[in-house]
Amino acid sequence: MPPAQRLKRALRARQRAMLSFASALVRIPTENPPGARYDECVALIKDELQRCGMVARDVVCRSAAALGARRSVIAEVGTGGPLVYFHGHYDVVPAQERSQFKPIRRGSRLIGRGAADMKCGLAMMVHTVGALADADLLATGRVALVMVPDEETAGELGTAALARGGYLQSGAIGMLTPEPSGGVIWHASRAALTLRVTVRGRAAHVALSRGGANAFTAMTGLAARLSRLEAKVAARRTKYRVRPSSAARSILLVGGESAAGTNFNIVPDRAVFTIDRRLNPEEDFETERARLLELILTKQLPGIEVSVETIQEGRASVTPLDAPLTRALRRSVRAITGRTARVELCPGLLETRHYVGAGIPAVAYGPGDLASAHGPREFVSTARLFECAEIYGLTALSLIAASHTS
């Protein structure tokens, strides 16, 4: 029997287990922030891997901040040869209501927080690797599962820590991650620079306000200068394909979070706001970072001090359209769905950047849709979930086979 048919048969036998595992993952409210119930989720993942005949290991990372330990889970199947990564994250954004952690099967949909982003994707990854092993299809190659925390908050103690620690094997031939791409292959993603700006002044009673230094006024003046830069940034458009077309513009968002003052009759001595800069791949990160910091830290009013904290910093990543990974994934999508997948720039930031930074081609393709991710009725189509499992398995086999003939 051809490998593709053996894979299909092995996956069909795992469909019920895949959905059961996805539902169990959704039930655990791994909301981030703050990073809740992580240990419980890791225990569930490791139990499922053990049931699938895999041995998992923890990579524990800690920080000076009071975040506690963060655990990534890594498991590998295969007897040697070229390595393909399946990568995903088990944290989810905070829910709008607690009922979102009660998974619902409605028709062909599995509904719940994290279904699209990306707990159904995690379940798909695990059982795809299990099916490859069941069908004895990994005699000449390996597939590694990597499941991480904190993706929703930049991943410093997740994927970034794995990259820094040398856990991502630079000789790997590809990485797939099931972000909710809606049937599109995301082969590139923007860079991100997120800052928290604190403006400090001097408090005074309103009756003696001339003796104070108004941090709010200084903040709004700074925001006005940033708004002028925002207009210039928005005039830049990427050459990479992206939908909607308006998403081609480079981004500078001022004031996503902001706060100032303590009472109406006190000159505010402190004001805080955020800046979120998303750079297209063509823009030079260091140049744009320096330009932004220079604007923030110069031309301050008397009595005013400004400081900047970096919340998030991630470089752009690109895997070429003609890379073996991109071509293999497109062929697999066509073989399984009968459709030709679009290949585009992701409008957001992807953890593919850590793999590309380690010299590993990486793309995102998942069963969910970005339009439902993070929303109150987040869902995944079970038909798409099963399609995606076949696509991942076929892509891994194709990449491994091609690496032996190249």
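The values are calculated or read from the model by the stated rules, or taken from the named source; none is laboratory data. Please read these numbers as outputs of a predicted model, since none were measured by experiment. Glycine also receives a Cβ, built like all others from the backbone with ideal geometry; neighbour counts cover every protein chain displayed. Accessible surface is based on the protein model in full, side chains and every heavy atom, while ligands, DNA and RNA are left aside. Shrake-Rupley method; radii C 1.70, N 1.55, O 1.52, S 1.80 Å.
Assorted remarks:
- Using distinct alpha-carbon pairs, which all enter the 1/r mean, Kirkwood radius of segment 165-235 in Å: 17.8 Å
- Computed over segment 93-183, relative contact order equals 24 percent, with contacts defined as Cα pairs under 8 Å that lie 6+ residues apart.
- Across the accessible surface of the chain, with the other protein chains kept in place and a 1.4 Å probe, carbon and sulfur atoms take up 52 percent.
- Length added when fully stretched, T262-T220, from 0.36 nm per residue minus Cα-Cα: 13.4 nm
- The chain - convex hull of alpha carbons, volume per residue in Å³: 147 Å³
- Fully extended contour minus Cα-Cα distance, from V55 to S246, at 0.36 nm per residue: 64.2 nm
- Part-to-part distance (alpha-carbon centres) for segment 1-48 and segment 71-144, which is given in Å: 5 Å
- Helix 382-405 vs. the chain, principal-axis angle (Cα, 0 to 90°, nearest 10): 80 degrees
- Separation between Cα centres of segment 157-196 and segment 332-372, rounded to whole Å: 10 Å
- The length gained on full extension between A234 and L208, counted as 0.36 nm times the residue separation minus their Cα-Cα distance, comes to 5.2 nm.
- Positive minus negative residues near R384 (Lys, Arg vs Asp, Glu; Cβ under 13 Å): -1
- Helix axis angle, 3-12 relative to the chain longest principal axis, alpha carbon, degrees: 70 degrees
- Loop-located trypsin sites (Lys or Arg not before Pro) in segment 1-94 (DSSP state other than H, G, I, E, B) with a sparse environment of at most 12 neighbouring Cβ atoms within 10 Å: R62.
- Computed from Cα atoms, the angle from the helix 285-297 axis to the main principal axis of the chain rounds to 20 degrees.
- Rounded to the nearest angstrom and listed largest first, the equivalent-ellipsoid semi-axes of segment 237-368 from its Cα gyration tensor are 41, 16, 13.
- For the chain, share of DSSP beta bridges that run antiparallel, in % to the nearest 5: 75 percent
- Annotation: lysines with alpha-carbon distance below 30 angstrom to K119 (same-chain offsets under eight excluded): K8, K46, K102.
- Label-to-label distance, nm, for residues given as Y167 and I311 (7 Å Cα→Cβ offset): 2.5 nm
- Share of pairwise Cα-Cα distances greater than 20 Å in segment 83-142 is 41 percent (whole percent).
- Inter-part distance where segment 208-240 and segment 376-406 are each reduced to a Cα centre, Å: 45 Å
- Taking only alpha carbon atoms, segment 353-406 gives an Rg to Rh ratio of 1.11, where Rh is the Kirkwood radius.
- Listed by chain and number, the aspartates and glutamates whose alpha-carbon sits under 19 Å from that of K239, ignoring those within fewer than 8 places in the same chain, are E282, E283, D284, E288, D322, E344.
- Calculated [θ] (222 nm, deg cm²/dmol) that DSSP helices of n ≥ 4 give over the chain, each run adding -39,500 (n - 2.57): -10500 deg cm²/dmol
- Protein heavy-atom accessible surface, 1.4 Å probe, per residue over the chain: 44 Å².
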